[in-house]
Amino acid sequence: MAIEGPLRELGIHDVFQLLDLSRKTGRLRVSSELREDEGTVTFDRGRVVHAHIRSRSTELATSLLHAGRIVQEDLDRARARRAVDHSDAELADALIEVGAMTRRELERHIRQQIEGVVFELMSWSEGYFSFEECAFEAAQRGVRVAVSTESLLMEGARRIDEWSRIIETVPSVEVVAELAPIEDDREGSLLDLLPHEWQMLTMIDGSRDLRTIAAALSRDEFEVAKVAYGLVKTGVIAVRAPTRSMIRSSLNGATNTAARLAAARDHTAAGRLAAACEELRRAARADPLAPEVHRALGFAAARCGDFSLARSSWQQFLRIVSRSSDAEPIESALDALERLTMILDADVAD
């Protein structure tokens, strides 16, 4: 039996509740064109046993390494023990056998992965879902934990309620955190922060978003967002829109402009703008955004007429490279951009 439809008609919470109450076994797929993403959740008699999102798809070994649960030597020993099969299930057994981690530690990590994906999907208000029942054996393959869907729904509702209070300050875990400028009346004063706040503060460099920081600290994304909210409110850090969102917005505008130029038979200008659009696409695919990507992105945005993105990209480049010969042409470009902006503003005022 297939269950499907748009999320605007049946919300994701209702879908989960329906599958829980009817004790369904099978796979739920949720796709979002707006996010260009897709998630899959596997149910076993109404309980969630596996979940992943395409944009955050990570092999178990990589996930454990990033979380600091194992080290490379543990992984090498486990792979040597199970040289024939390197599937996640086989590798997990091998890690336990070589003493890299206990079965309970592994199950706790997998549960946290499942919860993170499910809570992310619960924040989607648009998209399309489809559920397909399958045999129990197929759904059970590789299963190590089974999470109560009712507990996920209760926790999801609690998080939505808390997000409603912080969303104006921290709209999502994709925002980039940076240290706030020190005000004159606070200069020289000591910060009274809790250990987990200090730990997060050490990860803030003006280029990492909250999702990246959460992964690096092996912390729950929602909890990191709450810590960020507190630090913003006390004036310790500031958050700004993620670069990738700005890229997508600039790309949409530039693509439309290029189409209008082509329709007007201004093929030279349209060709230049199309080349700039391709630079924007390459920048959006780069992960992480390295200094040279910020530099190229700034010039591509300037060619597209998106001076705001150009300015923020070049400023981020200068934060990373600091003072060097590479910084001089970008500083000149920023100066020229500021002069041009002043001229344009003055013309509008007249």
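Data overview
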item	result
Boolean, Ala139 is modelled with pLDDT of 80 or more and surrounded by 14 or more Cβ atoms within 10 Å (Cβ to Cβ)	no
Number of the exception - Thr202 against (1) at pLDDT below 85; (2) under 20 Å from the mean Cα position of the chain (by Cα); (3) surrounded by fewer than 17 Cβ atoms within 10 Å (Cβ to Cβ)	(1)
Residue within region 3-19 that is in contact with a strand residue (DSSP E or B) (Cβ under 9 Å, 6 or more places away or on another chain) and at positive phi present	yes
Residues that are over 13 Å from Ile96 (Cα atoms) and either buried (at least 19 other Cβ atoms within 10 Å of the Cβ) or of a type in the set (S, T, N, Q) (or both), drawn from region 61-76	Thr62, Ser63, Gln72
Leading residue by the ranking (modelled with the highest pLDDT) among those in region 19-76 that are in a loop (DSSP other than H, G, I, E, B), over 27 Å from Glu4 (Cβ atoms) and charged (D, E, K, R)	Arg69
Residue that is surrounded by the fewest Cβ atoms within 10 Å (Cβ to Cβ), among those in region 177-198 that are at pLDDT 80 or above and either in contact with a helix residue (DSSP H, G or I) (Cβ under 7 Å, 6 or more places away or on another chain) or outside any strand (DSSP E or B) (or both)	Pro195
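The values are calculated or read from the model by the stated rules, or taken from the named source; none is laboratory data. Small disclaimer: the values here were computed from a predicted structure and weren't measured. All Cβ positions, even for glycine, are placed from backbone atoms using ideal geometry, and neighbour counts span all protein chains on display.
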